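A short write-up of the structure that comes next.
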C-alpha cells in the first residue's frame, strides 16, 4: 500500500504508525517479531523500519521490512539515509527495497556514524535529504523504464516522506523542509517532542512558509526515565523535568505505577496533539509493544479498523513524475 494518498486525503480518523528498528543480533529477531504481531493486531496504518548509519543494518532492515510485508496486512516504510554511501550504493539499496515490495520511503540525510564528530558527505554521494528525495524518484523512473514504462496495476506509485524538527531553530529547519517538499516529498514525520504547543507553533510556521505537507508528530511514550534521558543525549531535545519528577515520584510505588503515570502523561500529550489538528501519531516503540498499546487504549484508539486500501490505478502509470511540489528520527537533527 502506498501511503501518500492516505496522509494527504485523510482516512477520516487519526493515522497511527509505529517505528521499529532491526535487531542487532539474531536473538533479537523473535522479540521484534512478537512486537510486530502485537502491534499489527490494532491495525496501524504503517510500520517504519530504521536504517543504520552507513548502511550498517541494510540486511537486517530489509529482513524486517520483508517480514512486515509478508506476514502482516500493514504497510511498510523503509528509512533510507545518505550517510557514508555513494549515489550508486544508495541506488542499490533502494532497488533492493523496491524489489522486496517496499513502496514507501522516509528519506533522511542521517547522522554521523558513531565516533564521528561531524557529518561529511561521501565524495560521490548526496548530502541533503532533498537530494535523496530526487534520487529515489530517479531510481523509480529507471525501474519503470526497464519495465516498458508501466508498473503493475496493484503496485501503486512511490510514496516519499521526510523528517521535520519541531524543536529548536524553526528558520533553518523550515528552509530544509521546504526544499524537501519542492523536491517531491509528500508528507513529513516529526522528530520526538514533548510539547503540543511547540508542535502546533512549528506547523503554523511551516504553513506560513508555504509548506503544505501533512506533518505527523513523533510521540515517545514517557514511561522509562533512563531511555528518555538517553534520547535527550542523542537528539538534544530536552525531556521536561516535571515529567521526570512525576515518574520518579511514581517509582516509589513500583515499576507498574511508574508505567501507568508515564502512559497517563503521554496520553494527555497525544490527545492535545490530536485536538490541535495533528493528522495522526507516529509512535517510537523501541521494539516494545507494551507502552504503545497502552497509549492507544488511553486514547480509545486501541480497537481500530484498517484504513481503506489506496485504489490501484486502472491503467499503467506514467514514468514517475512526482506530485506538486536506531531510531532514525529520534536519533538527531542530522536527518535534515
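We did not get these values from a lab; they are worked out from the coordinates using the rules stated. Bear in mind the structure is a predicted one, so any value in this text is a computation, not a measurement. All Cβ positions, even for glycine, are placed from backbone atoms using ideal geometry, and neighbour counts span all protein chains on display.
Computed quantities for the displayed model
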| item | result |
| --- | --- |
| Burial ranking of peptide ranges 194-207, 247-260, 57-70 (average Cβ count within 10 Å, highest at the top) | 57-70, 194-207, 247-260 |
| Computed FRET value (nearest 0.05) for residue 138 with residue 226, which takes r as the C-beta separation and R₀ as 35 Å | 0.25 |
| Rg [Å, one decimal], Dmax [Å, integer] - the stretch 1-76, C-alpha atoms | 13.1, 40 |
| Spin-label proximity, residue 201 to the stretch 258-290 - amide N less than 19 Å from point 7 Å beyond Cα toward beta carbon | 269-270, 272-278 |
| Euclidean distance of C-alpha centroids, the stretch 170-190 and the stretch 211-247, integer Å | 21 |
| Inter-label distance for residue 271 and residue 34, nm, one decimal - labels placed 7 Å from Cα along Cα-to-Cβ | 3.1 |
| Efficiency of FRET between residue 249 and residue 300 - r from beta-carbon atoms, R0 41 angstrom, step 0.05 | 0.95 |
| More than 20 Å apart - percent of Cα-Cα pairs taken over the stretch 221-287 | 32 |
| Whole-number D in µm²/s for the stretch 194-233 (Stokes-Einstein; Kirkwood sum over Cα pairs; 20 °C, 1.002 mPa s) | 179 |
| For peptides 160-171, 85-96, sequence by mean Cβ density within 10 Å, most packed first | 160-171, 85-96 |
| Nitroxide proxy distance, nm - points 7 Å out along Cα→Cβ at residue 256 and residue 172 | 4.8 |
